[in-house]
Amino acid sequence: MGLLSDPNRRRALIGMLTRLNAPICMICYMAGVAWFMGLAFEPFTLRTYMSENAMGSTMVEERFPAGERALATGREFAAHKKKTGGMPVDWLVRTMQARGLEVYTQRFSRKLPFPDEDKERYMVKGTNVYGILRAPRAPRTEALVLSAPCSPGNENNQAVGILLGLAQYFRSQIYWAKDIIFLVNEHDLIGMQAWLEGYHHTNTTGMDWSPLQGRGGSIQAALSLELSSDVVTSLDLVLEGLNGQLPNLDLANLFYAFCQKIGVLCTTQGKLPRNDWDTTSGYSHAVQTMMLMVLKQASSRPWGDHGLFLRYHIEAASIKGVNSFRPYKTDATTVGRLLEGMYRKLNNLLERLHQSYFFYLMPSLTRFVSIGYYMPAFGLLALILLLRALDLWVQLSSPPTRTTEDGVEVVPASPGVLSILTPLVISHLTGVALYTLPVLSQELAVEHFPVSETEAVVLTAIAIYTGGTRSHDTHRLLAGEGTEQGWKVLKLVAVLYLAVLLGCTALINFSLGFILALTLVPLAAFITPHVPKTLSAVVMVILSPGLTLLFAVFFFQELQETPVTLQEGWMLYLSVISQGILDHALYGSLLYPLAALLVYPCWLLFWNILFWK
Amino acid sequence: MAARRCLGLWFFLITLCVVSTGADVLHTTPVTGTESSAAGTETVVARELPEAPSDPGEHTAAEPTREGEQNDRTRGGEQTLGQPTREEEQEQEKTREGEQTPAQPTREEEEEEEEQEQTRGEEEFTREEEEEELTREEEELTTEEEELTREEEEQTREEEELTTEEEELTTEEEELTREEEEQTREEEEEQQTTAQQEEQTKRWEATELEEEHVHDAAVPPLAGDPPAADPPSPPPSKDDFQEELVIRPLHSGDIYASFQFRTVWDADFMGDQKVSHYRLFPKSLGQVITKFSVRELHISFTQGYWRTMQWGQPYLPSPPGAELWVWFQDTVTDVDGTWKELTNVLSGIFCASLNFIDSTNTVQPSASFKPLGIGNVTDHSFLRYATLPREIVCTENLTPWKKLLPCGSKAGLSVLLKSEKLFHSTFHSQAVHVRPVCQDPQCRTTSMELRQTLNVVFDLHTSGQGKREWSLFKMFSRTLTEACPLASSSKVYVDVTDNPQGEQFELSPATPLLTQAVVLGDRRTYSVYDLTQQASFGSSRSLNMLLRWKNSHNNVVPPVMLRPLLHSERYVAGYGLQAGEIHTLIYNHHPYRAFPVLLLSAVPWYLRLYIHTLTVSSKGKDNRPSYIHYQPSKDRERPHLLEMLLQLPPNSVTEVTVEFERALLKWTEYTPDPNHGFYVGSSVISALVPSVVAMDTNSTLDRPLFSSFFPCKEEASYFMRVYTEPLLVNLPTPDFSMPYNVICLTCTVVAVGYGSLYNLLTRTFQVDEPSPGLAKRIANVIRRFRGVPLL
């Protein structure tokens, strides 16, 4: 600390930092990116291991025999579903009751803020059916959940079949210590949201649901099953939940352990773990897997029905059956045995899953990167902002000394509060408009333009977004001419604002924070009014949050090996925007308000600096 | 004494009834009046009976619970299982005061008339015929002994019973008051069982008569009694032991077995003489009672939660985990200290963690728990109540419990109590209740009653393998071969209410003995096996009852959810680790009657209840509790206690919500498994529930019109206690797995970050003159002396 206390040495340090500011920033940026890319390199990562003692040492014996019968039940379910044209509530209630469960139903209804064109729904009405297997000699304090969605069309019938088959098998076992809730939810996430809100008696999204009649205490863990074929080649584990939350890593470990034991191919992000880390293709495979996870997590949306559980501190994951053209197939009995094993292990839990990591990235199902390893990558990027802020601070405080040396008493024109405050306020007002207007003005837009409601919302959002860039010289509205000091103060404020914003975001959702930092930090670092206007403006637009999303969409499709054309990509981009707004309205996803109310205004501040006069 | 009791009674009346709505007061008060008069008459009648005083074991007629039960709830073999209620106590109090109005027609008389009316058609004709027939059969049997088949054995048993019954028939009507069983209709029906016997008689059991001569030591055993049932010669202070098992096939296909073992001892534990000679009464408990001046002790260990929606009401409710409540004698000065010692001693006796009961989980309910035995205590400072919802019950608790039985697990019904089967069940609950009861109708002296109960529910799907067929062997992997030789009565009851003509299931070996009882407001019929009769065991010398359902599609038909009149659920609402809300839902499924309930919830201090957020609403409207007793918690000292008297509107759900905040504990206060969560014990709902029998206003079909205009008061309501689920609440928990990392990180942050910042902010920087050297200083001193300017 002598370094800072000693004025001379402090001066020297600051001098060096200001002199070498640009090169240090460059180095930091490249180091950050390199660190991040290194995370997928296998020698740098840790192998997953089971931390939870209660699930580790004792292997259970799986005996689920009735896969074929479960599939038959699934077919029966499909027939009834077709007949009723929706959820066959009565049939499900009867079937579950016949299996000795306590069966309850929950009705719910939700009017979406605007029609969801992807899933073709607007006024949603549905019923969840769930049966509780009461554990013998247990006081209803803990529960596990197994859910399967009742999807439209021919999807997920096998999942419901296996769910019912497992219910029947589980019912005749004596060893359960936790109640097991078998839930068939209608309208996928909306039904799940209604059920979870009903279970916890909260209402965060203004949905109408009938109160639940039966409960099983605090839910310890949940699995959601999605299965649309009689045989599967592999099972895919989906972890990413609402707002980038992840379940405890032990849940993934548990899945992997049982896949290994039973001999089922298992994937995450649809990618098999590979052993050839030392080859380029092996490394790029790991990078792709990790990037997919980063992109999914950054999207802040639940990637399966499990995603909504995480808010309630319930560890949950989705297991999706994949039926590709590989020769080796796994039948329903094996899938049932896998689930049985997982539930028996979860049943052994004495405490909630808490031993392993909650913050991690997975370059493959067998490898993980913990928060301690990935945070430096973000830290290096955030450091750039702090260095720039320090530089600006020094610049702002140095002019007075220079004037005294000249012997001329020139009081530097301190920037008016108004010239700083005006851009801040106006950019935030634009953000508020971006947040509120699209949904509010959809009727108006539909009346005047030949578009549907959904298109109206998305196009309004894009219009406001682009319209916001017109407010580039707001500082002159009230304060007149901007000064040299003025933009520096504004930039100092903006840089610190961005640092705090990204720092907080990265703590909650690393992927989102990192992707935003990757694009916004260079922009924040180099923007001054003195750089070439046109070129910089183009760069700024390219690096703006909106276009970042567009690139992310293309990149995601590329990673998923389903590349899209420009036209398709644009359509996808529009639907992603509408989904983002819907996710916020339906499930409380925070990406849309974060982007509209904070990130976009922050970007507008830099836009203002670029056009400072 | 009477005056004090009266005071207590009215205090109680005020808390329970008067504070509720006006209509209810109007309704309730006449009920008690009538009932008291009825009870009074009973007592008078009982006094006239010559046998009454000499029958201490079974017929403590003036014992309050008995009396209350006599009035209404549990007529028949089940009387020992009924819960005495406050109302009963009130009635009994009144009876003692002699407030009865003899002019009013009593309940018994009405009922008598009813029964007579009902059965007159048959009875008048059949009785004589039967007697003739029986004598005929007897003759046949004596002559043709070699042809005795199994059914005929049964017949003989019946005959024996019948003869005793005949003898007593004349006094029967008078004696009806002494036991509820006697109140049950005693009718003999003709039953056609097999082709061999043209007509075999199926009778209503005259339980009291048999029991009387079986186990009353003062009266010489009657000729028909097997010698095995004779108790050994009576000791100076009389004690008596009874055992019974009730088997109830449940709606869901599961089966419920309830054991009761009752030891009554005419010893005054609180008297001057020290009780030192123990016979049937367990010495370990007796000493505890004496040492800690315990008036009443109720302790239960339960593993599992009673599923009211599927199983209906239990005979004896208990919360998951351990529950202990004790009334101390008013001579105890340091109640808390005694309580602490008592819990530690009981912890040793029952091998349970009762020593974890301390002031943080002990409460003193003001209204919910009243003494069940005789007693005029109203000062709840002598009451302590505690639950341990986390307590796991297993064999180590069962063994000491079985050791308290006179026969241990060697003989009698207790041979069935094998832990490998008892813990292969859905619900297991064992309890010990000690309370003082009256010895005689005048209640001049008291006896100590020890009642050990064990309830177990076997699951259809896990134990029954989905097949609806139950037998004693299948349930307990044992059969019955003998009664406990020390027991004065040993019976097995099977609930056959839903099976009057054997259309639902088949019970084998068939027993001709039937008894009726009003249990939990519902009139139930039971088949009775008397183990003191050798004939019960048949030729195979072992009794293995078999319940076989007839229609095989029973497995296919899913069991429907019941709608019990009163049930409740409780849960924690909200998410996150800061705040939350406890919701308690109380359902009243009665179509038209409102009734009051007392809700008690004790919440640990680490959930800080915000009592201003307490809301009670029914049918969307605010429901003001007429009585609230709230004791706020003190951190680390005592829990919250909230007691409320609520009126439940008919056919409604009443929701009680209160918000709480989760406290951050000190790091040593966390349990070894903090992420499991912390338990909040069950809430207790005590209620007087309108009975199903009283609801049945259209039962004029089998009753004479003149008897059924006014709803029968005694059965108008019955006492019930419902326990809600315990709650598991997560508290904010530090990550204990990495204390080293945390300490290092925290220290580094404090030292580097905070230290340097503090340093920079508070220090003033000055350019320091280098201090002069030693030589210079000496030179300066010299210069100062010389008056020369300093260097």
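Quick note: the coordinates plus some simple rules give every number you see, no bench work behind them. Fair warning: this is a prediction, and the values are worked out from it, not measured in the lab. Counting neighbours? That spans all protein chains shown, and the Cβs are built from the backbone with ideal geometry, glycine included.
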| request: Take the Cα atoms of segment B:252-395, find their three principal axes, and give me the spread along each one in whole Å, biggest first. | output: 53, 37, 30
| query | What is the order of A:ASP331, A:ASP305, B:ASP266, fewest Cβ neighbours within 10 Å to most? | reply | A:ASP331, B:ASP266, A:ASP305
| note | Yeah, chain A with a ≥ b ≥ c from its alpha-carbon gyration tensor (a/c under 1.5 is rounded, else prolate when a/b outruns b/c, oblate otherwise) is prolate
| Whole-angstrom gap from segment A:151-171 to segment A:509-554, using each part's C-alpha centre | 47 Å
| said: Run the numbers for A:ALA463 and A:LEU13: contour at 0.36 nm per residue of separation, minus the present Cα-Cα distance, in nm. | reply: 157.3 nm
| remark: Sequence order, segment B:437-451: Karplus ³J(HN,Hα) from phi using 6.51 cos²θ - 1.76 cosθ + 1.60, θ = phi - 60°, Hz rounded, Gly and Pro as x, gives 10, 6, 8, 9, x, 7, 6, 6, 10, 10, 10, 9, 10, 10, 10
| request: Return A:GLU447, A:GLU42 ranked ascending by Cβ neighbour count within 10 Å, so the fewest neighbours appear first. | output: A:GLU447, A:GLU42
| Given charges at Cβ of Lys, Arg, Asp, Glu: segment A:183-298 dipole, positive-most of A:VAL264, A:VAL232, A:MET192 | A:VAL264
| If you take the square roots of the eigenvalues of the alpha-carbon gyration tensor of segment A:499-572 and sort them as a ≥ b ≥ c, do you get rounded (a/c under 1.5), prolate (a/b over b/c) or oblate? | oblate
| said: If R₀ is 41 angstrom, what is the calculated FRET efficiency for the pair A:GLU443 and A:GLU155, using the beta carbon separation as r and rounding to 0.05? | reply: 0.75
| How far apart, in nm, are the 7 Å Cα→Cβ label points at A:THR436 and B:THR481? | 8.6 nm
| By DSSP, what percent of the beta bridges with both residues in chain A are antiparallel, rounded to the nearest 5? | 55 percent
| query | Want the number for B:TYR754 to B:GLU669: 0.36 nm per residue separation, take away the alpha-carbon distance, what's left? | reply | 27.7 nm
| message | As I understand it, the value is the acute angle between the Cα axis of helix A:484-508 and the longest principal axis of the Cα atoms of chain A; what does it come to in degrees, rounded to 10? | response | 20 degrees
| Where a Cα-Cα gap under 26 Å defines reach, which lysines qualify for A:LYS488, not counting those fewer than 8 residues away within the same chain? | A:LYS533, A:LYS613
| remark: Residues whose modelled amide H sits under 5 Å from the amide H of A:ALA222, counting only those 5 or more places away in sequence or on another chain, are A:VAL145, A:GLU315, A:ALA316, A:ALA317
| request: With a ≥ b ≥ c taken as the square roots of the eigenvalues of the C-alpha gyration tensor of segment A:138-269, please select rounded if a/c is under 1.5 and otherwise prolate if a/b is larger than b/c or oblate if it is not? | output: rounded
| task | Let me see the pair-distance distribution of segment A:216-255: every alpha carbon pair, 5 Å bin width, integer percents in order. | result | 5, 15, 25, 22, 18, 11, 4, 0
| request: Find how many whole Å separate the alpha carbon centroid of segment B:452-528 from the alpha carbon centroid of segment A:27-95. | output: 46 Å
| What's the center-to-center distance, using Cα atoms, between segment B:249-300 and segment B:754-791 in Å? | 90 Å
| query | Which angle from 0 to 90°, rounded to the nearest 10, does the C-alpha axis of helix A:21-38 make with the longest principal axis of chain A? | reply | 10 degrees
| query | Based solely on its DSSP helices, what 222 nm [θ] is calculated for chain A when runs of n ≥ 4 H residues each add -39,500 (n - 2.57) and the sum is averaged over all residues, nearest 500 deg cm²/dmol? | reply | -17500 deg cm²/dmol
| field | Degrees between helix A:67-84 axis and first principal axis of chain A (Cα, 0 to 90, nearest 10) | value | 70 degrees
| message | For a quick check: with amide H placed at 1.01 Å from N, whose amide H comes under 5 Å from B:ALA322's, ignoring anything fewer than 5 positions away on the same chain? | response | B:THR302, B:LEU388, B:ARG390, B:GLU391
| Number of partner chain Cβ atoms within 10 Å, mean per residue of A:96-108 | 3
| query | A:SER109 versus A:THR204, label points 7 Å from Cα toward the beta carbon: distance in nm? | reply | 2.5 nm
| query | If you rank B:TYR587, B:TYR627 by fewest surrounding Cβ atoms within 10 Å, what's the result? | reply | B:TYR627, B:TYR587
| said: Averaged across A:137-147, how many Cβ atoms of other chains sit within 10 Å of each residue's Cβ atom? | reply: 6
| query | Can you list the residues, at least 5 places off or on another chain, whose amide H is less than 5 Å from the amide H of B:VAL519, using H built in the peptide plane? | reply | B:ARG524
| query | Between B:ASN651 and B:ASP635, what is the label-to-label distance in nm when each label sits 7 Å out along the Cα-to-Cβ direction? | reply | 5.0 nm
